[in-house]
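Structure record follows, encoded as structure tokens.
The values are calculated or read from the model by the stated rules, or taken from the named source; none is laboratory data. Quick caveat: nothing in here was measured; it's all calculated off a predicted structure. Cβ sites come from the backbone with ideal geometry, for glycine too, and all protein chains shown count toward neighbours. Accessible surface areas use protein heavy atoms only, side chains included; no ligands, DNA or RNA. Shrake-Rupley method; radii C 1.70, N 1.55, O 1.52, S 1.80 Å.
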Amino acid sequence: QVTLVESGGGLVQPGGSLRLSCAASGSVATVYTMRWYRQGPEKQRELVAHSTAGGSSNYADSVKGRFTISRDDLQNILYLQIDNLKPEDTAVYYCNADVTDRSGRYSPDHWGQGTQVTVSP
């Protein structure tokens, strides 16, 4: 079983910063692509950033220049640095990952439970 646990959310004023973390644990041998999604109030879930095992990353246009995705492959942790937060960034942020488990089986599309980010004066 693979478990993803996000942390680091909270209430922040506009212009502030947060660093989200997502730790992958359980039957994880190798972590491949890892992603951050978010779902705002009454909005559809959207992909905001992803990071491949090869070191490439990509961002949604709405967050470019403010969000930075990074990862620690030794500890299987994904990060999202969010700067210059805006009220429209208010959402539940979810981690998603594709892994190979310890039996060698490719196991994609694992989700965490989410962490709430609220941006308000």
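Some notes on this structure:
- Solvent-accessible ranking of Asp101, Asp83, Asp61, Asp109, largest area first, probe 1.4 Å: Asp61, Asp109, Asp83, Asp101
- Estimated at 0.36 nm per residue, the fully extended path between Gln81 and Gln39 surpasses their Cα-Cα distance by 13.4 nm.
- Protein-only accessible surface order, largest first, of Tyr59, Tyr93 at 1.4 Å: Tyr59, Tyr93
- Scaled to the globular estimate 2.2 N^0.38 Å, the Cα spread of the chain, given as radius of gyration, is 1.03.
- Computed over the chain: relative contact order in percent, which uses C-alpha pairs under 8 Å that are six or more apart: 37 percent
- With all protein chains in place and ligands, DNA and RNA left out, the 1.4 Å accessible area ranks Lys43, Lys86 as Lys43, Lys86, largest first.
- Global form of the stretch 47-110, assessed from the alpha-carbon gyration tensor, a/c cut-off 1.5: prolate
- For the chain, the solvent-accessible area of protein heavy atoms averages 52 Å² per residue (probe radius 1.4 Å; ligands and nucleic acids excluded).
- Charges were assigned to the Cβ only: +1 to each Lys and Arg, -1 to each Asp and Glu. The resulting dipole of the chain about its Cα centre is roughly 40 debye.
- Among the protein heavy atoms of the chain, carbon and sulfur supply 46% of the accessible surface, probe 1.4 Å, non-protein parts ignored.
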